[in-house]
Every structure is written in C-alpha cells, then in structure tokens.
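Report on the structure given below.
The values are calculated or read from the model by the stated rules, or taken from the named source; none is laboratory data. Computed from a prediction, not measured in an experiment: that's the story for all the values here. A quick note on method: Cβ atoms are made from the backbone with ideal geometry, for glycine too, and the neighbour counts reach across all protein chains shown.
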Amino acid sequence: MLLSDEEARDYDRAEQDEQPTDEEEIEGDMVVSLHAMKGKINCKTLKVIGLVGDKEVLKLIDSGSTHCFINEKIPRTLGCELECTTTMMIRVVDGSKLSSKLICPKFSWEVQGHRSSHPVRLLKLGGYDLVLGCDWLSNYNPMELDFHQLKVTLSQAGKKLVLRALPNESSAKVMYAHSLVKLIRKRNHDTEGELLLNHPTLI
C-alpha cells in the first residue's frame, strides 16, 4: 500500500502517540548515607529526639547526607502538604540508587525547644524518621558537630544553640578469623559491620 506524504506523516505521529513514554528521571547531586538508610550511626552522625506536632520522631543529624530526607510514611500520617516533582534519583553511599518524586516544601519540627522548618524529600528510610543533611546544617554556619560530647552547636542570629544528642549504643562484638571466614562464605548480603584489626604488641 502506498501512502501520500501527508498520510505517512499522520501515520508516524499516530505510532509515536501510541508508544509508551517513560517517566522522566533526573540524576541529581543528592546523596544519602548508608547509616541513614540502615538506621545505624557512625562518627559523622548524631541522633536526637524531636517533635512534629505532638508526635515524637527520631532524627539523624548526618553530615554524610547532602539533603534532608524523611521517612515516606511520616508526612502521610501527619497529613502534611506534599508536592509531586520530577522523579529524582538519589545515590546511596554504597553505590545503589533510590527514586523520590514527592517533597514536603514546608516541613516543620522542634528539637529541645528549637523550632526549624526546611524542605524535606520523601524516601524509604531504614531506621530514622528524619535525616537532617548538609543543606539544613549550612543554615547555621559556623556550626560544630562534637561526636565525643554528643552535641551539636549551631549559630543563629549571632547566638549559639546547643543540641544534645542521644548516647550511641554500641553492639560491637569480637569475631575471630575462622568465624569471619564462615560468615563470608554464607554470602549473606544483609550482614554488615566494621573490621578493626587488633595487632598484638610484641614485648
């Protein structure tokens, strides 16, 4: 069958309209730390308890995350205003990626009498309700994270604001070499930890 030029153009347009289009995704510069995803802590994080309305939430102050993220269940539970955005791909420090397309532009909370408001992006978080990243911390420069005394010192309007963090609960255990070999052979991808080598001192 022969088609005229105009009919051919109409046919091509119809085919394009029928083809499914993938939702646009943007690979941004957003990074979330592995500890934020797993509900863990490390030397770059401090955890605090705060309030959102009358609800207690567990917050992670995390210099390893570039932005603020909130567990996707929290805003829906509280009935917060949400905005739909282009799907953003967020990098986890371990190399994996997560997608997020919802943001709460005016999320407010309180920590130890200090009120704060900042845009937060919805994400599936492992053990924390809210992750306060570098974009929030940068509003309070100069600031100091003291991981030994478990406190955060923020600067606001020429005054110092000190937030006390929760104590770190260590669950570290000694593992001998043969036990480590057995664990590696199991190839259990849900197991994680830090390897600290204990070198004996020769006298």
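The figures follow:
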{"quantity": "Segment 100-159, residues that are polar (S, T, N, Q), closer than 21 Å to VAL31 by Cα and in contact with a Lys or Arg (Cβ under 8 Å, 6 or more places away or on another chain)", "calculated": "SER100, SER117"}
{"quantity": "Exclusive hit being within 28 Å of GLU81 (Cβ to Cβ) and modelled with pLDDT under 95, set ALA177, ALA157", "calculated": "ALA157"}
{"quantity": "First in segment 100-114 and at negative phi, second anywhere and surrounded by fewer than 20 Cβ atoms within 10 Å (Cβ to Cβ) and in a loop (DSSP other than H, G, I, E, B), Cβ under 6 Å, 6 or more apart", "calculated": "LEU102/LEU82; CYS104/CYS80; CYS104/LEU82"}
{"quantity": "Residue match in segment 17-33 (condition: surrounded by 17 or more Cβ atoms within 10 Å (Cβ to Cβ), modelled with pLDDT under 90 and not in a helix (DSSP H, G or I))", "calculated": "yes"}
{"quantity": "Any pair with Cβ under 8 angstrom, 6 or more apart, that starts in segment 140-154 at a residue that is within 17 Å of HIS114 (Cβ to Cβ) and ends at one that is of a type in the set (A, V, I, L, M) and in a loop (DSSP other than H, G, I, E, B)", "calculated": "LEU150/ALA165; LEU150/LEU166; LYS151/ALA165; VAL152/MET143; VAL152/ALA165; THR153/MET143; LEU154/MET143"}
{"quantity": "All strands (runs of 3 or more DSSP E) inside segment 81-142 with 2 or more residues being surrounded by fewer than 18 Cβ atoms within 10 Å (Cβ to Cβ)", "calculated": "83-92, 97-111, 114-123"}
{"quantity": "Considering residues of segment 160-174 that are at pLDDT 90 or above and either charged (D, E, K, R) or more than 25 Å from SER117 (Cβ to Cβ) (or both) only, the residue nearest to the chain's Cα centre (by Cα)", "calculated": "ARG164"}
{"quantity": "Test for VAL93: is it touching a helix residue (DSSP H, G or I) at 6+ places or on another chain (Cβ under 6 Å) and either of a type in the set (A, V, I, L, M) or at pLDDT 95 or above (or both)", "calculated": "yes"}
